[in-house]
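Only one structure is covered here, and it is reproduced in the block below.
The values are calculated or read from the model by the stated rules, or taken from the named source; none is laboratory data. Please read all numbers here as calculations on a predicted model, not as lab measurements. All Cβ positions, even for glycine, are placed from backbone atoms using ideal geometry, and neighbour counts span all protein chains on display.
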Ligand SMILES: [Cu+2]
């Protein structure tokens, strides 16, 4: 191993490099931390008020939407359901897209920022190492440096090249572990439960909180999808319709083999395992149609069981649920209250002990006719 004798000038150069490196670490540590701080739960886009039409819905190209739905029918506050038209490039892949899809969940935006921060960090570290290599090649080649240094050891740079990478890793680990943790966040009690079941080769969506009805979702033919203004091989006949801006407890399971429920623009991917119920919190920030695919090789038609999630304002989602014959907790509460308030259908013959007919089974309907 060749030894290097560092002159004062070289030590100076190394100090400059070390200072630059430390500055980079500080800058990126700060960026990672700020990426985290800008995505505190309190900053989450609040559920759209019922009277405000979501901005994204107004950008729908009528030509694209014409065959799917009348965009005007999807104004907030409407109490009827009509299928939402997808928006080009939102919730779906686009031609020439190199980056990951735009994100429409809090976790997704956090993860996207972390990903971009890491790419920059990798690029700068690679450039820095390349710079060091070039410096060594030019400065310490045989011609430029005929008498090699015999230094074997330099405590300062050894400390720097140990501590600085540790600091970089810690700076990466903090937001990275934070992302892991937030992906395991347990849905609150107020979350709406929806269950996605993978079948060979289609999806079923059950709504246990709303009467337990199931929607079966099959892929549309390419021509039919394109005719409806939807992306080919991603459009389905019946979408998984969910409310936007509301926490959803999305449970995922399978009926036959392992599938995987994955929607890239919602930062959601969860294995669908027979006999097992996986669940994760999903909160979609704005109404829209978000496409995904089964992401576990599950058999011959694995590639033909896409996922289409349609997020609607809450009142329109409720209208959709009613259209499917679904119910809400307050329906049952109201029915129970009505039952309790009504007089019994048939009164006893006599409530007075000893009176004729007391204690005997009624022989005629004595209930009020109202
Ligand atoms: Cu599958």
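Okay, here's what the table says:
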read-out: Qualifying residue in segment 196-210 (condition: assigned by TED's automatic domain parsing to the domain that holds residue 247, assigned to a loop (DSSP other than H, G, I, E, B) and touching a strand residue (DSSP E or B) at 6+ places or on another chain (Cβ under 7 Å)); value: no
read-out: So residue 321, is it under 21 Å from residue 214 (Cβ atoms), touching a strand residue (DSSP E or B) at 6+ places or on another chain (Cβ under 6 Å) and either within 12 Å of the ligand (Cβ to nearest atom) or in the same structural domain as residue 215 (by TED's automatic domain parsing) (or both); value: no
read-out: Strands (runs of 3 or more DSSP E) contained entirely in segment 244-283, each with at least 3 residues that are within 12 Å of the chain's Cα centre (by Cα) and within 16 Å of the ligand (Cβ to nearest atom); value: 259-263, 268-272
read-out: Any hit, segment 287-298, residues being over 20 Å from the mean Cα position of the chain (by Cα), crowded, with 18+ Cβ neighbours inside 10 Å, in the same structural domain as residue 194 (by TED's automatic domain parsing) and assigned to a loop (DSSP other than H, G, I, E, B); value: yes
read-out: Residues being at negative phi and either within 13 Å of the ligand (Cβ to nearest atom) or in contact with a helix residue (DSSP H, G or I) (Cβ under 9 Å, 6 or more places away or on another chain) (or both) - total across segment 198-217; value: 12
